[in-house]
1. May I ask you to verify whether Ile54 is in a loop (DSSP other than H, G, I, E, B), at pLDDT below 80 and surrounded by 13 or more Cβ atoms within 10 Å (Cβ to Cβ)?
2. Could you pull out the residue among Val108, Val112 that is at pLDDT below 85, within 40 Å of the chain's Cα centre (by Cα), open to solvent by 90 Å² or more (accessible area, probe 1.4 Å) and aliphatic (A, V, I, L, M)?
3. From the list Leu18, Leu26, which one is modelled with pLDDT of 65 or more, in a loop (DSSP other than H, G, I, E, B) and under 16 Å from Ile75 (Cα atoms)?
4. Restricting attention to segment 139-169, report how many residues are part of a loop (DSSP other than H, G, I, E, B) and either on the phi > 0 side of the Ramachandran plot or surrounded by fewer than 16 Cβ atoms within 10 Å (Cβ to Cβ) (or both).
5. Taking the conditions exactly as written (part of a helix (DSSP H, G or I), small (Gly, Ala, Ser), under 17 Å from Gly212 (Cα atoms) and at pLDDT 90 or above), does Ala172 satisfy them or not?
6. Residues of segment 122-138 being crowded, with 19+ Cβ neighbours inside 10 Å and part of a helix (DSSP H, G or I), which ones?
7. Could you say which residue among Val183, Val209 is more than 16 Å from Asp135 (Cα to Cα), in contact with a helix residue (DSSP H, G or I) (Cβ under 7 Å, 6 or more places away or on another chain) and not in a loop (DSSP other than H, G, I, E, B)?
8. Listed residues Glu188, Glu177; which is more than 44 Å from the chain's Cα centre (by Cα), charged (D, E, K, R), surrounded by 15 or more Cβ atoms within 10 Å (Cβ to Cβ) and not in a strand (DSSP E or B)?
Amino acid sequence: MGERGGRSEDRVLVKIELTKSEYEALKAIARREGYSLVSEYLRDIIRGVVEGRIGKSVSGGEQVDALARRLERVIVDILNPYTGKIDEITRRLAELRELLEEAREERVREVVERPVRRAPAIEKLKEQGVVFQEDVRWMKSPERFFEKLKREGAMVLSIGGERVALDPGFWARFAEEVDKISVGDVEEAASLLEMSLGEAAGRLFRKMVKAGVAVYDEDQGIWVLNVQK
């Protein structure tokens, strides 16, 4: 508000609240008009309206409406390219989501339609060499499992009351390696078997010694296997 008598005018602070997008649009306009600060640009516009340099032929309300429309057009012009990009990204994401869903459905269909092929028990036995009864206690009927292995060509022994299925090839190699061992210490002999045939061979040998079907002959210095096939 101004005062008479040559005194300096009082200053009044006017605050306005804009959205981020409105402010960015207004800043772009100000820079285009040669202003480094948005506040300076707005101050000059207001002064122009007050002094009549802007909108001489229209009323104050109409001047504000015209300015608002101009700002709206500028904002729309600025945001349109980004809006188009957002729409494009949204469309592509929808397409990608559709493709992923189709791929997932196709994968599920393949899994459902694919026949389940389980390797026969005898093939697994050939890979492992030996199967101990204590390792298949989870089965509902271990007895039928061992009978099936026996029908398919496996050796099934009873060692200390426990059934053990052996691949014939593994058993032949086991017996051959045992025949080479001259040491009478059980653990040392088991370690030698594990080095040549794996952990299962040492485990089998310990069980056989404990059950008395693998005995060390002190006179001949060899291990004797007393098993009934």
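The values are calculated or read from the model by the stated rules, or taken from the named source; none is laboratory data. Just so you know, these numbers come straight off a predicted model, no measurement behind them. Cβ placement follows ideal geometry from the backbone for every residue including glycine, while neighbour counts extend to all protein chains displayed. Calculation scope for accessible area: heavy atoms of the full protein, side chains included, ligands and nucleic acids excluded. Shrake-Rupley method; radii C 1.70, N 1.55, O 1.52, S 1.80 Å.
1. yes
2. Val112
3. Leu18
4. 7
5. Against the criterion (part of a helix (DSSP H, G or I), small (Gly, Ala, Ser), under 17 Å from Gly212 (Cα atoms) and at pLDDT 90 or above), Ala172 does not qualify.
6. Listed by number, the residues that qualify are Leu125, Gln133.
7. Val209
8. When all the criteria are applied, what remains is Glu177.
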